[in-house]
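These notes concern the structure reproduced below.
Every number in this text was worked out from the coordinates using simple rules, so none of it is lab data. Since we're looking at a predicted model, the values are computed, not measured. Every residue, glycine as well, gets a Cβ built from its backbone with ideal geometry; the counts of neighbours run over all protein chains shown.
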Amino acid sequence: MSATAALSGAEPREVESRDVSVPVFADRNAGYYGSVFERLQKGELPFWHMNLAGLLIPWIWSAWRGVWLMFWVSLALDVVGLVCLMQNFKYGPLLEDAYLDPSANAILIERYTRWLSVYNNVGIATLVLGRLLIGLQANRWYFGQYSKWRIDGRTAHGVAARRVVIAVLILVLVAPITLYRATQQRIDERACFNQVRAIDGTKRLLSSYGVTEVSDLTSAMAERRDRLVTERATLEASASLTDDQRSRLSAIRREERQLRREIDAAEDFKAVTAKDRLDCLFIDDFPTLARVAPPEDVTYRRVPDEEAVAQGRSGATKVIRQVKDPVEGRTVNIFTYTAESIDIGINFLRAQYAGIFDALTNVLRQSLIRVEVAFMLTPWPVLVGLAMILAWAYCGTGTVVFVGSSLTFLAVFELWQIAMQTMALVVVATAICIFVGLPVGIWMAKNRIANWITEPILDVMQTIPSLSYLVPAVAFFGISQPPAVLATVVFAIPPMVKLTALGIRQVPQSTKEAALAFGASERQLLTKVELPMAVPSIMAGLNQTIMLALSMATISAFIGAEGLGAIVTAALGDAQAGKGLLAGIAIALVAMVIDRILKGIRSSLSRI
Amino acid sequence: MSVVEVDGVWKIFGDRAAEAIAAVRNEGLGKAEVLNRFGAIIGVRDASFTVEKGEIFCLMGLSGSGKSTLVRHINRLIEPTAGTIRILGEDIGAMTPDVLRALRAEKIGMVFQNMALLPHRSVRDNIGFALELRGKDAYHRAQLADRALETVSLHGYGDRLPSELSGGMQQRVGLARALAADPEILLMDEPFSALDPLIRRNLQDEFLSLSQNVRKTTIFITHDLDEAIRMGDRIGIMNDGEIVQIGTAEDIVTAPADDYVADFVAGISRLKLVSASKIMVAVESHVARHGPIDDAHDYPTARPEDDLDTLVELSTGTELPVLIRHDGNTVGIVTKDTLLHGLQGTEAA
């Protein structure tokens, strides 16, 4: 009594024990499930114990009780089994045809028989074993659901006819069409296209004849043909014809030819059965048969503007627009339409804003040349010494040895100058990545909308195959180094941006709060707290950016960038495995040298 | 003029705070209803108090009671949904960002439970942070920082990084950082809660003695009533965003405002908290019950402000009651019965 009082006085809390709640969970047939669950928990349920409903009507049972995982698994198993058996309807007729002439079709008969027996065996095995599996597992799955329900009361429980209705709908949607598909051969590629054309053509005829029924159309056309035939016969019968009559005769002949085509089209249309239409909708590919007229074939060119030059403005240019005549009757699908439109857009931008692109190309080329000169004219002992001193200062002796031997590799194989070209490209690209990536990263960390916009763009930049944007890069910036730098930036900038944003975002809220409490402005917060604390993360981003830039060096050789990558692509063209491997190793070594030294610097920074 | 005046401050978190506050005021909605109807959470509910110059004001409450939220209103790290806060007579809600930053840097120092030191800066640069933000030059910064370090007895640690220091030392750095700019107000958000008991006790003592010297107006947050009683000149007890009682430790222990406070103070030793004046019986009623006071005996005497601990000391070894004398007059009498009931916190029969 007193104990109860003390307990009830402590904390009034609604604790409903669900141990006694199997009846609530199972609803129907609770006695059976109560004993099954108990035996399961005790480990006493023999493994051959089977749920009869699960064995015989698994879809209905599992839907009724809300065990959806089991519903899908049993549905999948049954459908796979049935699809195998359905092959009988696909190959059966073929086999019969083949038996009409057994000696000629021996190979076919042998093949079809073999296939069918495999399909039949697999189908029956799947059905039988699948059902057995479901029957054995049903109670265990159901117990799993029960355990889940005890934790989360919203889990499906009890029995519900509504769920059975949903299950039947799913079955109706999935099973017939899948099974039907299994009985049919893959249809001819042009068949569906021709079908669409016949349907479209007949629709046009219907409207031009002003009738609504195809039967009316046929009779109207027949009538017209009879009329034409009669008229022609009359004209042909008469011995002498006037000029008017002669021209009328040839007109009739033309009209007759046209009419014959129309009649053929109507015949084609009538030959299209409901089955054909269904097959084209569901058995062929996704029904994207829309064909449209291609975009106008326009080219934009920038040419000297003679008028302006005549007026004294030397070097003036203008953009001219040239339109090519469209190819008669050419239709394209939506993919081609869009691709051609993009080409025209690029062409327009290139011509219209030539100045901007040329200037940008020039800036890139000039800065590349400067950096290249710096790398190539610095005597190699100085660079090697510098790298080794850095390695010695920030990393261990092991790294010094590694750096030394890697650079020796470059020197021995006479790859030094070429490697320096690659380095120049990497340095310029990395510099751009830092100057662009850092602010964007900060912006992204601070602004939710910016994050929302930038994140998918970065993902695309990281995953889009680099070859696919090398082409537009060439279109805008020509070949050789400048477009290579830009392509490298596109490829290498995402980690810089992402890790800057990450570093700033992971500055603890409490630290920022403390800075604000001592009177920091937003700018001071950024420069004195957030950026310094994000440095390790930013350095990690920089490291990755450099690695990616180096790996891009090979690919940009495809558009004429010089350096180690060019050796690799040349070796690819000439099938010289040795050359390619050596240059590839050189790239890897340069990457590893930079990586090791940067890692050393990073760890010395993050010791703080 | 009070140094800090908090007047009718409400804080409701959520997009529909304005609607929620109107509904709460007009219909007296509870926490759960506000959450249900507006998806808003009441952080602070109509809080008002003032803190005088040099006073240590403790805000006490369990976690989630809104005390940390309330204290962040005082330097406007959090904007109130309604109500005003005045610092030295100035409404901080009306301040421009510049003025507010100057106030934060020069007038208010803050100490955090998790220290929140900048890991990439030396102890000295951490302490000089507020000064640096105000553009003070490096030389003076270092001097002021070293002085602050001495105040918290960490002389010579200026060039260490925070990570090289123990938790207790880090919190001393936090305190030094708050003191460096010589602010008038200290906000201390559970500064000692994360430390182990011995170091906590140590720092409490040090802070109290430091406080004697510098007399900073302090708002001290804690979830520990013992700490509140040790540190606070006055204590405000918060529950569910509301300040349920404000008073001295003695007020709160002897006259809890409601069951919640009573539950809180139930386990607190009254020895050092309750004074003789709170439990003594008037001379007349004593005489009426026990007969006149015999002048022949040498009664022990005490003053009205003496605590129960002193009375126990006086009462042992004698059967006589203690006379409470004030200005040469006997103003009350404490018998052993009265004393024992007083210790227990119950009324004498």
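The table that follows gives values for the structure above.
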{"item": "Theoretical FRET efficiency, 1/(1+(r/R0)^6), r = Cβ-Cβ of A:ASN88 and A:ALA161, R0 30 Å, to 0.05", "result": "0.25"}
{"item": "Distance violations [Cα-Cα > 21 Å] among A:LYS446/A:LYS498; A:LYS446/B:LYS67; B:LYS11/B:LYS67; B:LYS107/B:LYS216", "result": "A:LYS446/B:LYS67"}
{"item": "A:ALA475-B:ALA194 pseudo-label distance in nm [points 7 Å out on the Cα-to-Cβ vector]", "result": "5.6"}
{"item": "Equivalent-ellipsoid semi-axes of the range A:225-299, from the Cα gyration tensor, Å, largest first", "result": "43, 22, 5"}
{"item": "Sequence-distant residues sharing a close amide H with B:ASN239 (under 5 Å, placed H)", "result": "B:VAL244"}
{"item": "R0 of 56 Å, Cβ-Cβ distance A:ARG313-A:GLU414: FRET efficiency to nearest 0.05", "result": "0.60"}
{"item": "Within straight-line cross-link reach of B:LYS136, aspartates and glutamates at Cα separation under 13 Å, skipping those fewer than 8 residues along the same chain", "result": "B:GLU106, B:ASP125"}
{"item": "Global form of chain B, assessed from the alpha-carbon gyration tensor, a/c cut-off 1.5", "result": "oblate"}
{"item": "Charge dipole magnitude, Cβ of K and R +1, D and E -1 - the protein assembly as shown, Cα centre, debye nearest 20", "result": "3240"}
{"item": "Under the Karplus curve 6.51 cos²θ - 1.76 cosθ + 1.60, θ = phi - 60°, whole-Hz ³J(HN,Hα) for the range A:93-110, x wherever Gly or Pro sits", "result": "x, 4, 4, 4, 4, 5, 5, 4, 9, x, 5, 6, 9, 4, 5, 4, 4, 4"}
{"item": "Residues whose placed amide H lies under 5 Å from that of A:LYS318, excluding near-sequence neighbours", "result": "A:VAL303, A:ASP305"}
{"item": "Under 16 Å from the Cα of A:LYS579 - aspartates and glutamates, other chains or at least 8 residues apart", "result": "A:GLU414, A:GLU562"}
{"item": "Phi-based couplings in Hz for the range A:338-354 (Karplus 6.51, -1.76, 1.60; Gly and Pro marked x)", "result": "5, 4, 5, 4, 4, 4, 5, x, 4, 4, 5, 4, 4, 6, 5, 10, 3"}
{"item": "For chain A: rounded, prolate or oblate by the Cα gyration tensor [a/c cutoff 1.5]", "result": "oblate"}
{"item": "Spatial separation of Cα centroids for the range A:259-314 and the range A:176-244, in angstrom", "result": "23"}
{"item": "Length-normalised contact order of the range B:188-236 in % [C-alpha pairs under 8 Å, at least 6 apart]", "result": "47"}
{"item": "Spin-label zone in the range A:291-306 - amide nitrogen under 14 Å from a point set 7 Å from the Cα of A:VAL323 along the C-beta vector", "result": "A:294-300"}
{"item": "Cα-projected label distance for A:ILE177 with A:THR338, points at 7 Å along beta-carbon direction, nm", "result": "2.3"}
{"item": "Charge context of B:GLU250, other residues only, Cβ under 12 angstrom, K/R +1, D/E -1", "result": "0"}
{"item": "GluC sites (Glu not before Pro) within the range A:30-135: DSSP coil, no more than 13 neighbouring Cβ in 10 Å", "result": "A:GLU44"}
{"item": "Most positive-pole-ward Cα, A:VAL128, B:PHE129, B:GLY317, against dipole of the protein assembly as shown from beta carbon charges", "result": "A:VAL128"}
{"item": "Helix axis angle, B:17-27 relative to chain B longest principal axis, alpha carbon, degrees", "result": "30"}
{"item": "Among A:ILE597, A:ALA492, A:ASN347 the positive-end extreme of the charge dipole of the protein assembly as shown (Cβ point charges)", "result": "A:ASN347"}
{"item": "Average Cα contact separation per residue, chain B, under 8 Å, 6 or more apart, as relative contact order %", "result": "17"}
{"item": "Average beta-carbon neighbours from other chains, 10 Å sphere, peptide A:516-529", "result": "6"}
{"item": "Highest-first arrangement of A:376-386, A:495-505, where packing means the average Cβ count within 10 Å", "result": "A:495-505, A:376-386"}
{"item": "Per-peptide average of other Cβ atoms within 10 Å, ordering B:234-240, B:49-55 highest first", "result": "B:234-240, B:49-55"}
{"item": "For the range B:49-265, size of Cβ-based charge dipole, Lys and Arg +1, Asp and Glu -1, in debye", "result": "900"}
{"item": "Whether the range A:41-181 is rounded, prolate or oblate, judged on the alpha carbon gyration tensor where a/c under 1.5 counts as rounded", "result": "prolate"}
{"item": "Built amide H within the under 5 Å cut-off of A:GLN184, gap 5+", "result": "none"}
{"item": "Fraction of antiparallel bridges per DSSP, the protein assembly as shown only, in percent to nearest 5", "result": "65"}
{"item": "Förster radius 35 Å - calculated FRET efficiency between B:THR316 and B:GLN212 (Cβ-Cβ, nearest 0.05)", "result": "0.60"}
{"item": "Partners for B:LYS336 among lysines (Cα-Cα distance below 18 Å; same-chain residues under 8 apart left out)", "result": "B:LYS272, B:LYS278"}
{"item": "In degrees, nearest ten, helix B:138-151 long axis to first principal axis of chain B (Cα)", "result": "20"}
{"item": "Residue-wise HN-Hα coupling along the range B:105-116, computed from phi with Karplus coefficients 6.51, -1.76, 1.60 (Hz; x: Gly, Pro)", "result": "6, 9, 9, 10, x, 10, 10, 10, 4, 9, 6, 6"}
